[in-house]
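The values are calculated or read from the model by the stated rules, or taken from the named source; none is laboratory data. Computed from a predicted structure; not experimentally measured. Here Cβ is always computed from backbone atoms with ideal geometry, including for glycine, and neighbour counts include all displayed protein chains. Heads up: the accessible areas ignore ligands, DNA and RNA and are worked out on the full protein's heavy atoms, side chains in. Shrake-Rupley method; radii C 1.70, N 1.55, O 1.52, S 1.80 Å.
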Amino acid sequence: NATTPANVVVTSSTVSLFQVYSGFITIQNMELRCTFSSGACVMAERSGRAEIGLGMRFGTSTGSIHLFAAYGGLISGTTHVYTLAGGALRHHYALYNGTVDLQSKPVTISGTPAISIFAEASLQGSVNLFGATFTGSATGTRYSASLNGVIVANNTLPGTGGSVATGGYFTTSKTAEV
């Protein structure tokens, strides 16, 4: 629904909502909510690519992940604004050579969602949020980078604090772009 994306809600408590394996999908004009404890609203794996299009909203996904890329998967986005309207275990999560690349993307945060870790990269995963803008606030840890995971972001990530461990890397420098 291009006029009111919040009127189209896709939800699951048993599986991830959109799983892309070795293919391509653009997701737009809806709200996603996933409460499956091993799942995600959007998951890209095994060279799969998911593009976050216009009119997207990420709703409450307790115990789940909003955007998850692994095993060479890529989650990218157009320059359209998306809305973060609910909490989650992770908002951006990349591991095993997965990439979440939403640089220069404007994000509107509605309310003050609780997100355990806003951006996490581990096991050679990368999260690129350089130039992204976040309007609003969220609670939780801003970032976590470990085991050669790389996060490139402005200093404006929502939340407080962050951690880097065991070869992880967090930078606010564009020269380190992933």
**Request:** Kindly list the number of the only condition in (1) surrounded by fewer than 19 Cβ atoms within 10 Å (Cβ to Cβ); (2) more than 24 Å from Ala6 (Cα to Cα); (3) in contact with a Lys or Arg (Cβ under 9 Å, 6 or more places away or on another chain) that fails for Thr172.
**Result:** (3)
**Request:** State all residues of region 75-100 that are within 13 Å of Gln124 (Cα to Cα) and among the hydrophobic types (A, V, I, L, M, F, W, C); if no residue qualifies, say none.
**Result:** Ala94, Leu95, Val100
**Item:** Selected residue [touching a strand residue (DSSP E or B) at 6+ places or on another chain (Cβ under 8 Å) and open to solvent by 60 Å² or more (accessible area, probe 1.4 Å)] from Ser22, Ser37
**Value:** Ser37
**Prompt:** Hey, among Gly39, Gly87, Gly53, Gly77, which residue is more than 16 Å from Asn128 (Cα to Cα) and touching a Leu at 6+ places or on another chain (Cβ under 9 Å)?
**Reply:** Gly39
